[in-house]
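*Asks:* Following this message is one structure expressed as structure tokens.
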């Protein structure tokens, strides 16, 4: 929605603060709800698992919805434009 109007780089710069704020709030709620211990190792493991799950979901959407080969997704982050 933003890319046609602002271009790829500006769209990322506009979207990033919103996504980061939502992620921060949801991670706090999730750690409280799942009663994740407050030590760094437990929190890092939860964050790593969440990141891995997110990357798998993004790859699945790229392949299944947008019909792109996995290589496009994997190489898509090399440059901004």
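*Asks:* For residue 36, state whether it is at pLDDT 90 or above and assigned to a helix (DSSP H, G or I). Walk me through how you get there before you give the answer.
*Replies:* Details: at pLDDT 90 or above: yes; assigned to a helix (DSSP H, G or I): no.
So residue 36 does not fit the description; no.
*Asks:* I'm checking my understanding of the structure. Among residues of the stretch 59-73 that are modelled with pLDDT under 90 and under 14 Å from the mean Cα position of the chain (by Cα), which one is farthest from residue 8 (Cα to Cα)?
*Replies:* Selected residue: 62.
*Asks:* Does residue 67 satisfy the condition of being surrounded by 10 or more Cβ atoms within 10 Å (Cβ to Cβ) and free of Cβ contacts under 8 Å to residues at least 40 places away in the same chain?
*Replies:* Values: surrounded by 10 or more Cβ atoms within 10 Å (Cβ to Cβ): no; free of Cβ contacts under 8 Å to residues at least 40 places away in the same chain: yes.
Considered against the rule, which asks whether it is surrounded by 10 or more Cβ atoms within 10 Å (Cβ to Cβ) and free of Cβ contacts under 8 Å to residues at least 40 places away in the same chain, residue 67 comes out as no.
*Asks:* Oh, and also: Of everything in the stretch 1-29, what is in contact with a helix residue (DSSP H, G or I) (Cβ under 8 Å, 6 or more places away or on another chain) and either closer than 18 Å to residue 54 by Cα or assigned to a loop (DSSP other than H, G, I, E, B) (or both)? Give them in sequence order.
*Replies:* Across the stretch 1-29, the qualifying residues are 2, 27.
*Asks:* Also, I was wondering about something else. Please indicate, with yes or no, whether at least one residue in the stretch 50-61 is surrounded by 10 or more Cβ atoms within 10 Å (Cβ to Cβ), touching a helix residue (DSSP H, G or I) at 6+ places or on another chain (Cβ under 6 Å) and not assigned by TED's automatic domain parsing to the domain that holds residue 1.
*Replies:* yes
*Asks:* If residue 15 meets every condition in (1) in the same structural domain as residue 73 (by TED's automatic domain parsing); (2) surrounded by 12 or more Cβ atoms within 10 Å (Cβ to Cβ); (3) under 28 Å from residue 70 (Cβ atoms) apart from one, which number is that one?
*Replies:* Looking at each condition in turn, residue 15 falls short on (1).
*Asks:* Quick one: is residue 45 outside any helix (DSSP H, G or I) and over 14 Å from the mean Cα position of the chain (by Cα)?
*Replies:* The answer is no for residue 45.
The values are calculated or read from the model by the stated rules, or taken from the named source; none is laboratory data. Bear in mind the structure is a predicted one, so any value in this text is a computation, not a measurement. Counting neighbours? That spans all protein chains shown, and the Cβs are built from the backbone with ideal geometry, glycine included.
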